[in-house]
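Note sheet for the following structure.
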Amino acid sequence: MSMKSVDIKQVYRNAIDFLGQSMKHAGFRSAVIALSGGVDSSVSVVLSVRAIGKNNVYPLLLPYGNLNFQGVSDAQLVIKTLGIPPAHVRDINIQPLVDPITALDPDLPAGRQVDRLRRGNTMARVRMILLYDLAKKNNALVVGTENKTEHLLGYYTRFGDEASDIEPLRNLYKTDVRRLAQALGLPQTIITKAPTAGLWDGQTDEGEFGFTYEEADRVLALIVDEKKSIDEVIAKGYDRSTVEKVVKRMNDNDFKHRLPFVPS
């Protein structure tokens, strides 16, 4: 039970051409990108450097206090390895910006915080404010980091990590992004560590899903790309519970792809 294989060398060439041509067509020469230290943002920044040069890329590290310290360390390693000028790198602790916003709810008892999901959404949106401000400062476009799996599952914050000007990975499932990361020579620690949005201690993508990215990708490839029914997928030997979880999450978040609603 495996997905159709993709030609990683061709994927790489297409991504480089896409980034370069998109920048040129829009009339921009520089890119800003939020680096979390995860595999997606790491691949996006490598592709950006290969497409437009290290002197035209501006990475932004946006930790919330000491949360996801390892991610910041991994991001710094990628930046150093690529030789991006230190003057192009900004590291901003977003906690002093996020906490006053999450404390504004008048219905919260004194000393209480909003729930972690609301705070996570605020973190994602504050990061995007800073990212677009840096883009404006440097006359640059925002390079996104969203893969096809996240997009189909609706695993993003609207107007937060979903916001971007260019999405070089949107056509690649998570497993293909990992294969591309291998081909690009990214550190194994980045490729193999548990994916996390870094929104609270112990948070992982797959922990929230209840299934792995590998499982999701196989199911999504059959359901979305090959137009198979749930029963047809299960008949191929896939676990019914997993298939139903993947499809449910995709269907529950489908509204995100159709917003804003407008008059016909």
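The values are calculated or read from the model by the stated rules, or taken from the named source; none is laboratory data. This structure is a prediction, so every number in the text was calculated from the model and none was measured. Every residue, glycine as well, gets a Cβ built from its backbone with ideal geometry; the counts of neighbours run over all protein chains shown. Just the protein is used for accessible areas: all its heavy atoms, side chains included, with ligands, DNA and RNA removed. Shrake-Rupley method; radii C 1.70, N 1.55, O 1.52, S 1.80 Å.
Here the chain exposes an accessible surface that is 52 percent carbon and sulfur, computed with a 1.4 Å probe and the other protein chains kept in place. Remark: the chain carries a charge dipole of roughly 740 debye about the Cα centre, counting +1 on each Lys and Arg Cβ and -1 on each Asp and Glu Cβ.
Provide Rg over Rh for region 138-185; use the alpha carbon set for both Rg and the Kirkwood Rh (inverse mean inverse pair distance). That ratio equals 1.02.
These residues, His25, His257, go from largest to smallest accessible area, 1.4 Å probe, as His25, His257. The local environment of Leu82, defined by Cβ-Cβ distances under 10 Å, has a net charge of +3 under the rule Lys, Arg +1 and Asp, Glu -1. Structure note, pairs Lys80/Lys174; Lys24/Lys54; Lys54/Lys137; Lys193/Lys228; Lys24/Lys136; Lys148/Lys228: Cα-Cα distances above 20 angstrom occur for Lys80/Lys174; Lys193/Lys228. Accessible surface for region 1-142, divided over its residues, is 55 Å² per residue with a 1.4 Å probe. In straight-distance terms, cross-link reach from Lys245 covers every one of the aspartates and glutamates whose alpha-carbon lies under 20 Å from its own, apart from those fewer than eight places away in the same chain; here that gives Glu150, Asp205, Glu206, Glu208, Glu214, Glu215, Asp217, Asp225, Glu226, Asp231, Glu232, Asp254.
Only one residue of Leu169, Val57, Val114 has its Cα farthest out toward the positive end of the dipole of the chain, where Lys and Arg carry +1 and Asp and Glu -1 on Cβ, and that residue is Val57. Summing charges over neighbours of Asp107, with a neighbour being any other residue whose Cβ is under 14 Å away from its Cβ, gives 0 when K and R count +1 and D and E count -1.
Applying D = kT/(6 pi eta Rh) to the chain, where Rh is the Kirkwood radius over alpha-carbon pairs, T corresponds to 37 °C and eta to 0.692 mPa s, the Stokes-Einstein value obtained is 169 µm²/s. Calculated FRET efficiency, Ala235 to Glu208, Cβ-Cβ distance, R0 = 22 Å: about 0.20 to the nearest 0.05. So, for region 209-264, what is the accessible surface per residue at a probe of 1.4 Å, expressed in square angstrom? Dividing the accessible area of region 209-264 by its residue count gives 60 Å².
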